[in-house]
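A short write-up of the structure that comes next.
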């Protein structure tokens with residue numbers, strides 16, 4: 001098992017909803033922060049869905065990291081979004 | 001140090017305001033900077049001190065560059081323009097705290113916008129200034145959740161713990177789409193085969209990530225599964241759209257004051273109080289109506305009479321309905337707006353020869369967006385007394401989006 005950090009940066013606002021699914025884990029973010037999941041080394045599909053604060057025109061940045069290595073990342077500008085991306089966890 | 005520089009910037013803005021009424025105050029403020037300059041070794045260079053060096057001394061070069069970069073400051077010819085909410089200035093001058101901290105704490109600062117345009121002559125005297133202040137007195141177009149309180153989604157039943165909420169939706173995605181793709185990718189016999197499968201799905205992801213249409217996964221999903229995913233997402237986004245619509249139609253009451261000072265007297269001083277509230281049905285998600293009411297005072301310099309300042313004084317009021325005819329679906333901003341209403345104007349002082357001191361007019365105008373928050377209105381007014389139509393062309397700044 002490897003520890004994968006999921007970093008979410010929500011710019012400006014207090015009304016976010018971001019949910020990330022990876023490897024059977026479902027992570028919920030209402031503000032910027034990091035959550036860690038344990039994953040076996042293999043390729044995963046992550047789903048990122050949510051809504052930006054309707055008060056603002058802003059961005060959501062999601063980064064998957066294994067140690068200091070960035071496995072994949074995405075910056076989202078859409079006010080409502082669902083995105084999918086590959087995350088390859090190494091041994 | 002940051003507080004000092006922030007204070008100095010406010011001092012610059014305030015000094016231009018006070019300067020028109022009490023010019024010696026402005027001279028004292030700027031004089032302190034100039035005095036400091038004169039103490040430097042190169043006296044010849046002092047003669048060439050311009051507005052930019054004054055401002056950069058007051059603000060500090062690094063902040064001045066940041067203001068230019070962020071669009072808060074704009075240098076055009078001999079004029080330095082500064083326009084920002086108080087919130088924007090605080091963020092600029094204190095980077096030690098997170099933006100999230102400021103956004104939650106400083107709602108009041110987002111509701112006050114100040115602007116100035118100042119020009120200094122070769123002798124470092126203030127030659128002209130434009131000043132503006134806009135305050136959102138009531139702003140129901142924004143909802144801020146305090147720590148521990150439900151946010152706007154939860155208030156309106158879009159909770160992630162709801163069975164129809166985002167968590168369930170993401171779990172459904174994992175079960176029906178993601179795990180099936182993972183099986184195909186991880187079953188590939190070698191790196192090359194795995195890369196080929198991932199490349200194929202990456203192209204599908206690229207399409208899906210832009211249109212959120214689950215039909216791109218038709219090879220993985222049954223018809224029922226595809227419809228279930230699409231309808232779940234549609235249900236969630238409909239709730240979000242209704243929350244957005246509720247916020248965008250909230251009441252907004254603003255007060256704006258702006259003026260031009262030139263050649264040691266005021267040329268123009270305008271005040272306006274404007275009220276806006278959304279109307280229309282809940283289904284009207286793309287095109288919405290706003291009720292508008294405004295009261296204005298418009299004092300200006302009669303170009304034919306330069307003897308006294310602001311010698312023409314007009315008071316007016318306007319009521320009508322504004323409709324967004326065409327809205328940018330990507331960011332929700334309006335591209336074309338139509339306004340229909342009526343206005344009444346009373347000229348208190350400075351009547352032209354043959355001009356009546358009051359007029360009632362019917363007003364129709366179309367505003368086309370030519371830049372972000374900047375509109376070009378084509379205005380036609382009908383005067384029932386004279387039976388004549390009048391046409392106007394002007395620029396209009398969108399105050400609604402400033403406070404969003």
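The values are calculated or read from the model by the stated rules, or taken from the named source; none is laboratory data. Just so we're clear, the structure is a prediction, and the values are computed from it rather than from any experiment. When we count neighbours, we look across all protein chains shown, and the Cβ atoms used for this are built from the backbone with ideal geometry, even at glycine.
Which of (1) within 22 Å of residue B:168 (Cβ to Cβ); (2) surrounded by 14 or more Cβ atoms within 10 Å (Cβ to Cβ) is the odd one out, the single condition residue B:268 does not satisfy?
Only one criterion is unmet by residue B:268, namely (1).
Here's a check for you: in the range B:118-128, which residue that is part of a strand (DSSP E or B) and surrounded by fewer than 20 Cβ atoms within 10 Å (Cβ to Cβ) is modelled with the highest pLDDT? Explain how you work it out, then say what you get.
Step one: list which residues in the range B:118-128 are part of a strand (DSSP E or B), which gives B:118-120, B:126-128.
Right, trim to surrounded by fewer than 20 Cβ atoms within 10 Å (Cβ to Cβ) and you get B:119, B:127-128.
Numbers: B:119: 78, B:127: 78, B:128: 82.
Only one residue tops the list, namely B:128.
Which is farther than 25 Å from residue B:191 by Cβ and in contact with a helix residue (DSSP H, G or I) (Cβ under 8 Å, 6 or more places away or on another chain), of A:51, A:86?
Step by step, each of A:51, A:86 is checked, and only A:51 is farther than 25 Å from residue B:191 by Cβ and in contact with a helix residue (DSSP H, G or I) (Cβ under 8 Å, 6 or more places away or on another chain).
Select from the range A:32-75 the residues that are within 9 Å of chain B (Cβ to nearest Cβ) and part of a strand (DSSP E or B) and list them in ascending order.
Those that are within 9 Å of chain B (Cβ to nearest Cβ) and part of a strand (DSSP E or B): A:43, A:44, A:45, A:46, A:47, A:48, A:49, A:50, A:51, A:74.
Could you list all residues from the range A:1-29 that are in contact with a strand residue (DSSP E or B) (Cβ under 7 Å, 6 or more places away or on another chain), within 8 Å of another protein chain (Cβ to nearest Cβ) and assigned to a loop (DSSP other than H, G, I, E, B)?
The one that is in contact with a strand residue (DSSP E or B) (Cβ under 7 Å, 6 or more places away or on another chain), within 8 Å of another protein chain (Cβ to nearest Cβ) and assigned to a loop (DSSP other than H, G, I, E, B): A:16.
Scan the range A:65-81 residue by residue and report those that are in contact with a strand residue (DSSP E or B) (Cβ under 9 Å, 6 or more places away or on another chain), modelled with pLDDT of 95 or more and farther than 18 Å from residue A:11 by Cα.
A:65, A:66, A:70, A:71, A:72
Looking at A:82, A:22, which one is touching a residue at least 60 places away in the same chain (Cβ under 8 Å) and within 15 Å of the chain's Cα centre (by Cα)?
Sole residue among the options that is touching a residue at least 60 places away in the same chain (Cβ under 8 Å) and within 15 Å of the chain's Cα centre (by Cα): A:22.
So is residue B:221 touching a strand residue (DSSP E or B) at 6+ places or on another chain (Cβ under 8 Å) and in contact (Cβ under 8 Å) with a residue 40 or more places away in the chain or not?
Answer is no for this residue.
Which of the residues spanning the range B:129-157 are touching a strand residue (DSSP E or B) at 6+ places or on another chain (Cβ under 7 Å) and at pLDDT below 75?
Result: B:153, single match.
Residue A:86 versus (1) at the interface with another protein chain (Cβ under 7 Å from one of its Cβ atoms); (2) surrounded by fewer than 21 Cβ atoms within 10 Å (Cβ to Cβ); (3) over 18 Å from residue B:208 (Cβ atoms): which is the lone unmet condition?
Here residue A:86 clears every test but (3).
With respect to residue B:223, determine if the residue is more than 11 Å from every other protein chain (Cβ to nearest Cβ) and farther than 23 Å from residue A:16 by Cβ.
yes
Restricting to the range B:167-191, give me the number of residues that are more than 7 Å from every other protein chain (Cβ to nearest Cβ) and closer than 13 Å to residue B:233 by Cα.
Going through the range B:167-191 one residue at a time, the tally reaches 2.
When you check residue B:202 against the structure, is it surrounded by fewer than 16 Cβ atoms within 10 Å (Cβ to Cβ) and facing chain A (nearest Cβ under 9 Å), yes or no?
yes
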